[in-house]
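Novice: Structure below; questions to follow.
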Amino acid sequence: GDEGRGSAELCGLLTQLATAYLHLCLYRSQEALDAFARLDQRQYNTGWVQAQVATAHFNMAHHKEAEAAFRKCRRLEPHRTEGMEVYSTVLWFLKREHELCFLAQEMAALDRRAPQTWCVLGNCFSLQREFETAVRFFHRAVQVDPSFTYAYTLAGHEHVSNEDFDKATVAFRDALRYDHRHYNAWYGLGTIYLKQEKYQLAEYHFRRALAINPRNSVLHCYLGMALLSAHNCDDAVAVLQRAIDLDRSNPLARLRKAVALSQLQRNEEALVELVALQQLAPRESTVLVQMGKVQKKLGRLHEALASFNHALDLDPKSGNVIKAHIDKLQIESGEDDSML
């Protein structure tokens, strides 16, 4: 009868939701998004589902898509606290200061006993470069709920940006003590070792993060940077290509791949990457400087000079470095100032 049919429909719905959520927990983010998309529209347009959709996008470092889903989630369920710490990180990445401040005010009015509220406040002050206040709020989140893993990680990243690597290491390790599958903390430790030029340790920690979340372009990019710094250029090219495949608009991966190709003397391929990158980031002087170096290696001295001069126009503050490249180019070409 109707009751049996209703029970079967409910079981079917719960199975769909459980399958999608399992994919999400295993960081199979695209599969999670596909499974959520197969839901009935009434179920799909709920706060809980939109929060999970946003989290799946965030785990793949697709911040704009995550922002759109979180915005929809808040419209559907304005009193929701769960997941808002991730939303605040998305807004931090996108440098949406106004929206982040508004979210912080709303959360503070909503529930001051929720750890998510203090993480949102911490991210808000972090974006305004108020380091000490941000850290104090992240610590407050941990006081409210000592098992709230993400607060330790946010504090760790804040310490890294302040070059306090000892405190950052403690924070990331605290996060892993509560959840050893928290890829953000493995990544955080990797960034510390990369800055300290301990490239093998950096590689190990980025690989641990990728073993948990293999679809994240940023993690592949940082592993590639660690390999490149250790002069393991062949592996770096492969890993950075994976980063590009996962996110065609990841500019750092393309730049690092071009550097790796150039170090392998594959300069024509490096130039192809840099031309593609310049279309993505036309006002980025570092791209033009790298392009000039590669053109110089290929013997295209006039093109190299044009690239260096364009870089100088875009970034006069780095003038001394760029002018040094121009001077070197003129000396090596054996020509005088008439080249300019």
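Novice: Pairs only if they're at least six apart or on different chains, beta carbon under 6 angstrom, first in the stretch 220-235 and under 13 Å from Glu197 (Cα atoms), second open to solvent by 50 Å² or more (accessible area, probe 1.4 Å) and of a type in the set (Phe, Trp, Tyr); list them, first residue then second.
Specialist: Ala226/Tyr199; Ser229/Tyr199; Ala230/Tyr199
Novice: To continue, here is another question. Is there a residue being under 23 Å from the mean Cα position of the chain (by Cα), exposed (fewer than 15 other Cβ atoms within 10 Å of the Cβ) and over 19 Å from Ala185 (Cα atoms) anywhere in the stretch 108-129?
Specialist: Within the stretch 108-129, one or more residues are under 23 Å from the mean Cα position of the chain (by Cα), exposed (fewer than 15 other Cβ atoms within 10 Å of the Cβ) and over 19 Å from Ala185 (Cα atoms).
Novice: Would you be able to say whether some residue in the stretch 40-55 is free of Cβ contacts under 8 Å to residues at least 40 places away in the same chain, small (Gly, Ala, Ser), in a helix (DSSP H, G or I) and open to solvent by 20 Å² or more (accessible area, probe 1.4 Å)?
Specialist: Filtering the stretch 40-55 for residues free of Cβ contacts under 8 Å to residues at least 40 places away in the same chain gives 40-55.
With small (Gly, Ala, Ser) added as a condition, the list becomes 47, 51, 54.
So of that shortlist, the ones also in a helix (DSSP H, G or I) come out as 47, 51, 54.
Keeping just the survivors that are open to solvent by 20 Å² or more (accessible area, probe 1.4 Å) gives none.
No.
Residue by residue, here is whether (1) open to solvent by 20 Å² or more (accessible area, probe 1.4 Å); (2) without any contact (Cβ under 8 Å) to a residue 40 or more places away in the chain holds:
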residue	(1), (2)
Leu154	no, no
Ser161	yes, yes
Ala185	no, yes
Thr191	no, yes
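Novice: Given (1) farther than 19 Å from Pro214 by Cα; (2) open to solvent by less than 20 Å² (accessible area, probe 1.4 Å), identify the lone condition not met by Arg71.
Specialist: Only one criterion in (1) farther than 19 Å from Pro214 by Cα; (2) open to solvent by less than 20 Å² (accessible area, probe 1.4 Å) is unmet by Arg71, namely (2).
Novice: Taking Asp315, is it closer than 30 Å to Ser29 by Cα and either open to solvent by 40 Å² or more (accessible area, probe 1.4 Å) or among the acidic types (Asp, Glu) (or both)?
Specialist: no
Residues are listed down the side, and each one gets a yes or a no for (1) open to solvent by less than 10 Å² (accessible area, probe 1.4 Å); (2) of a type in the set (S, T, N, Q); (3) farther than 21 Å from His63 by Cα:
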| residue | (1), (2), (3) |
| --- | --- |
| Tyr199 | no, no, yes |
| Ala211 | no, no, yes |
| Tyr222 | no, no, no |
| Asp235 | no, no, yes |
| Val239 | no, no, yes |
| Leu246 | no, no, no |
| Ser249 | no, yes, no |
| Val259 | no, no, yes |
| Gln265 | no, yes, yes |
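Novice: Here is a follow-up. Can you list residue pairs whose Cβ atoms sit under 7 Å apart, with the first residue in the stretch 108-128 being more than 19 Å from Glu158 (Cβ to Cβ) and β-branched (Val, Ile, Thr) and the second being at pLDDT 95 or above and open to solvent by less than 10 Å² (accessible area, probe 1.4 Å)? Count only pairs 6 or more apart in sequence or on different chains.
Specialist: The qualifying pairs do not exist here.
The values are calculated or read from the model by the stated rules, or taken from the named source; none is laboratory data. Small disclaimer: the values here were computed from a predicted structure and weren't measured. Glycine also receives a Cβ, built like all others from the backbone with ideal geometry; neighbour counts cover every protein chain displayed. Surface accessibility is based on the protein's heavy atoms, side chains included, excluding ligands, DNA and RNA. Shrake-Rupley method; radii C 1.70, N 1.55, O 1.52, S 1.80 Å.
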